[in-house]
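Below is one structure; the comments refer to it alone.
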Amino acid sequence: MKTNRLCTALALIYAGGLGLAGLAQAQQQEVLERVTVTGSSIKRLESETALPVTVITRAQIEQTGATSVEDLLRRVSANSGAFSDSTQGSGYATSNANLRGLGANSTLVLLNGRRLANHPFGSIGGNVSVDLNSIPFAAIERVEVLRDGASAVYGTDAVGGVINFITRKDYKHGELSVRYGTTQPRIGGAEEGGTLSVGFGDYNADRFNLLMTANLQKNTRLRAIDQQLYNRFGDIPDAGAPTSGRAFPGRLVDLNITPGAFSTLNPGADFSACDPSVTVLQTLSGTTPNGTKKMRCRFIYPASLDNLPDQEKGDFFGRFSFKLDQDNELFAEASYARAHGIGRIAPVPIDSLAGHFDRTTGEYPSFQLPTSSRYFPKDLLTKLGYTAADWDPSGTGSVEVALRAVPLGNRTNINTNEQERLVLGARGLFSGWDYDTGLTYAKAKGSLEYKNYVNEAKFIAALATGNINPFGPSADMSAWNSARMEGPMRQSSSTTIELDAKASREIFKMDGGMAAVAVGVDFRNEKAEDNPVNADYAAGLHVGGEGTVPATTASRSISAVFSELSLPFAKGWEATLAARFDHYSDFGSTFNPRAALRYQPTKEVMFRGSYGTGFRAPTLWDVHSPASFTNSANPATDKACPAAMLADEDPRCVDNQFNVLNTASATLKAERSKQYTIGMVFEPTKSISATLDYWSIEKTDQISQVSGDAILSDNYLLNLYQSRIHRIQTGANAGIISYIDTPIENLGGMRTSGLDIDIRGRLNFQEYGNLNLGIAGTYVRQWERQVGKDTPYISYVGSAGDGSVVQPVPRWQHTATAEWIRGVWTVGLENVFVKGWNESALLVYNSVGGSTDHDVKNSSRWNLSASYKGFKDTTLRLGMRNVFDQAAPYTAVPSYGSHAAGYAGSFVDARGRFIYGSIGYQFK
């Protein structure tokens, strides 16, 4: 294809990178092709852009040893608190980017500049975004991370920035690689996989090129009990391991004792003792009638789950390019990705508060064991001085129990997420216009299967037979098995069909160069079919589940026009204006402009800045989903509960996770943003460069919810939203909360700002090789938001967030690199650093029962790698992550509600020292 070319020595200088190999290669290039850079519609040299873009090259990806997109993006300091597909007990085994910590919904993920389908599991107020496992990892040539808003170019979601994965083009070789890695103590968490890349045809000589890549990855589980990261609470006064009163062996609720805890009284083989590896034996202040101290077991729930799940991932990518003539080409892309994960969390907790709350009567179900059962501990109770009047004062012939479904095994969530994508397009040069047009079809599919869950009604019936032992082993598992709730629960799809076209050209000469213009259109249809396939799952009738899950089927059409104008109005000066108008069929229209300015007085210095607006459209669930019930994220106390119940510390009033009603809204507006960046690039020599960019983002009309626990815990919010609290009106429970309305709505604002820093240098030691050094970091100056409309701003910088919507906001993150290259050898050293944060006393108390706040320590992981290319067509690589075997810093508060406790999985890998190796062979 015929293109305009310019000479330059500044290749990639203005793109902040992770490593330095790309810099060395760029400085060796003398001629660069004009290309479309992420964040712009005009073809230009990458070094000409006024926008802050981080570029990660393929060589850098290989040097890091990363085996997934999530692992790679952990090294991008602007990507903070990303949701991991290893998160246990929360989410659906997806991996999501999170630029500036604004949430996955505010980061736009592209593949070759075009959209993918969002993950199909959604909810009102939840994240709906691209699963990073959908990206064909083996096909990536480079990654461009735009650290600025770009709604003026791409439309919705590009508030925090854009991550554009760009695949190889005109690849003519063949390459096979295999890899394996494991933790040093070999306790699990191993990785193994392989990639294959094959290219056919020389694009210029044969007029076609076909690229095909495949990638397979298998990760093995890492059991939490083998690491015991949750057991490091010693620095917090009065704290302990996260425990639950729903333990196994279980307890008699009214007497508040666990029969097996009284081992000195020989309770019998049916009554197991508290297992110290997964339970805590607790001695209470009260006594039994004969004066014996009461004892019970509490369950250390994180000890029974996996910190990392079993996973199998695979992707295929194909790209065909056909050269029509010197100026034009047709192309097609096809990709398929599949991620299969087996997540194991603690067995089902069973007591009345874990059951289905009756919002009319205010009653929870009662799990009753007949006193005629062989598993009722009558003899033990008699030894302790109890009589039937104590354990069954109403004469019902049964007693209430609380327990864990340990005999059934861990609750197991089997998630299979897929993405299929096809793009047909054309690009080239026509009548002086560089054009690019494509038709994209992308479909994401998700399925959820349960194992070892419990159906509430079936369990109550099975327990009533007396054949389930809540306190130890059951002689016959048939009653337990009759209560299982297993099989497919949810099968959903999300489809995006998009037709886009854009064209750009130079239009007239100005004092600083040629002015250029770009115009484009974008037509898109989005459809969600989110279907629960088990009626009891949809109705929320599984014990300890996620609430009700209604079916949601919705679609919308989006049409947009956009334009961009580049004006080099004086020598060294360039102004760029861009604007985009979007119309949504279900909520209206939005217009977003952007202005950028670049000034380069000398070849060593450049100043740049931009200002624009952005938006995030409501999700299809936010606008169209039926109402659903769930529980508040954090426990709270209802101060308006009936006085007698408050004095009695009734669990329906005190430290309760109350029922909340989530409702969609057809009148939602788009979330709006204003953002600007201002920075400079300094290159005093060809071997040293530095960039400094200040960024600021302000959101208004945030699409969010005022949570039920926030309303009850804040007097201002309680007065403002008192009408949203619905109470039982009649009967014995009159006055307690039935549910709290938590509608999705346009709320207040949020503000965040900070600095991005990138410094790189290269030292030439002649025959001893080159040493490349660099550091790229982000300093967060401000991160604050309003909980409701017109409420005060709350700062979260350097804190653990709010335990619900806001995740931890580290003040500083960086990745530092050192890379020595000599002949066939390359050795790399990398430091990934995350500054710790403060966990408030309330969040600590809710998680581990401590009495003070807690400062999370800094995370500083050193990674080492070496590669050797001395054998023909072969690359050997050996590496070690976390060289000094640093344990993940202890956190009392888990990320994103994860059940895996003791560390922040959204920031650090749970594993200690990890050793890996790979062999790559180029066969053509």
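Each value in this text was obtained by applying a stated rule to the coordinates, not by laboratory testing. What you see is a predicted model; the values in this text were computed from it and never measured. Please note: Cβ atoms are built from the backbone with ideal geometry, for glycine as well, and neighbour counts cover all protein chains shown.
The simple spin-label model puts a point 7 Å past each Cα toward its Cβ; for residue 605 and residue 793 those points are separated by 3.2 nm.
Evaluated over the Cα positions of the range 781-924, the convex hull gives a direction-averaged projected area, one quarter of its surface, of 12.4 nm².
The calculated FRET efficiency for residue 719 paired with residue 324, based on their beta-carbon distance and R0 = 60 Å, is about 0.30. Using R0 = 41 Å, the C-beta based FRET efficiency linking residue 589 and residue 569 works out to 0.85.
Each of 271, 607, 765 has some number of other Cβ atoms within 10 Å of its Cβ, and from fewest to most they run 765, 607, 271. Computed from backbone phi with θ = phi - 60° and the Karplus coefficients 6.51, -1.76 and 1.60, the 3J(HN,Hα) list for the range 807-813 is 8, x, 10, x, 5, 9, 9 Hz; x is used for glycine and proline. Would you work out which of 350, 673, 398 lies farthest towards the positive end of the dipole of the chain? Charges go on Cβ: Lys and Arg +1, Asp and Glu -1. With unit charges placed on the Cβ atoms, the residue in question is 673. Amide H contacts for residue 906 (H built 1.01 Å from N in the peptide plane; partners 5 or more residues away or on another chain; cut-off under 5 Å): 895. Kirkwood radius for the range 50-131, taken over all pairs of different Cα atoms as the inverse mean of 1/r, rounds to 13.9 Å. Phi angles of the range 416-431 translate, via the Karplus equation with coefficients 6.51, -1.76, 1.60 and θ = phi - 60°, into HN-Hα couplings of 10, 10, 10, 9, 10, 8, 9, 10, 10, x, 9, 8, x, 10, 9, 6 Hz per residue; Gly and Pro are given as x.
Looking at the range 871-919, the chymotrypsin sites (Phe, Trp or Tyr not before Pro) that sit in a DSSP loop and have at most 13 other Cβ atoms within 10 Å of their own Cβ are 871, 884. In order along the range 460-465, the phi-based Karplus estimate (6.51 cos²θ - 1.76 cosθ + 1.60, θ = phi - 60°) of 3J(HN,Hα) comes to 4, 5, 5, 5, 5, 6 Hz; Gly and Pro are listed as x. Seen from every direction in turn and averaged, the convex hull around the alpha carbons of the range 528-653 projects onto 15.3 nm². Protection proxy ranking, highest mean first, for peptides 417-427, 848-858, 611-621: 611-621, 417-427, 848-858, where packing is the per-residue count of other beta-carbon atoms within 10 Å, averaged.
Multiplying the residue separation of residue 876 and residue 208 by 0.36 nm and removing their Cα-Cα distance gives an extension gain of 237.3 nm.
Computed across the range 748-837, the Kirkwood radius stands at 15.7 Å (inverse of mean 1/r, all Cα pairs). Take each peptide in 501-508, 79-86, count the other Cβ atoms within 10 Å of every residue, and average; sorted highest first, the result is 79-86, 501-508. Across all Cα pairs in the range 89-240, the calculated P(r) in 10 Å bins from zero up to the longest distance comes to 9, 25, 27, 26, 10, 2, 1, 0 percent per bin. Between residue 597 and residue 523, residue separation times 0.36 nm minus the direct Cα-Cα distance comes to 23.7 nm.
Per the Debye calculation on the chain with a single equal scatterer at every Cα and no solvent contribution, log₁₀ I(q)/I(0) for q = 0.04, 0.07, 0.08 Å⁻¹ amounts to -0.20, -0.60, -0.77.
In the distance distribution for the range 430-508, Cα-Cα pairs more than 19 Å apart total 65 percent.
Hey, what does the equivalent ellipsoid look like for the range 688-745, semi-axes from the Cα gyration tensor as sqrt of 5 times each eigenvalue, largest first, whole Å? Don't skip to the answer; put the middle values down first.
Numbers: eigenvalues 371, 23, 19 Å².
Taking √(5λ) for each eigenvalue gives 43, 11, 10 Å, largest first.
Residue ranges 832-840, 544-552 sort as 832-840, 544-552 when ordered by packing (mean number of other C-beta atoms within 10 Å per residue, highest first). The residues packed around residue 634, meaning those with a beta-carbon under 9 Å from its beta-carbon, carry a net charge of -2 if Lys and Arg are +1 and Asp and Glu are -1.
Go ahead and collect, in residue order, the members of the range 861-886 whose backbone nitrogen is under 19 Å from a label point 7 Å along the Cα-Cβ direction of residue 921. Within reach of a label on residue 921: 868-878. Dividing the C-alpha radius of gyration of the range 633-788 by 2.2 N^0.38 Å, with N its residue count, gives 1.74. Using the Cβ-Cβ distance between residue 561 and residue 667 with R0 = 35 Å, the FRET efficiency computed as 1/(1 + (r/R0)^6) comes to roughly 0.85. The amide H of residue 631, built 1.01 Å from its N in the peptide plane, has 660 as neighbours under 5 Å, considering only residues 5 or more places off or on other chains. Helix content alone sets the calculated 222 nm mean residue ellipticity of the chain: runs of n ≥ 4 DSSP H residues at -39500 (n - 2.57) each, divided across all residues, give -2000 deg cm²/dmol.
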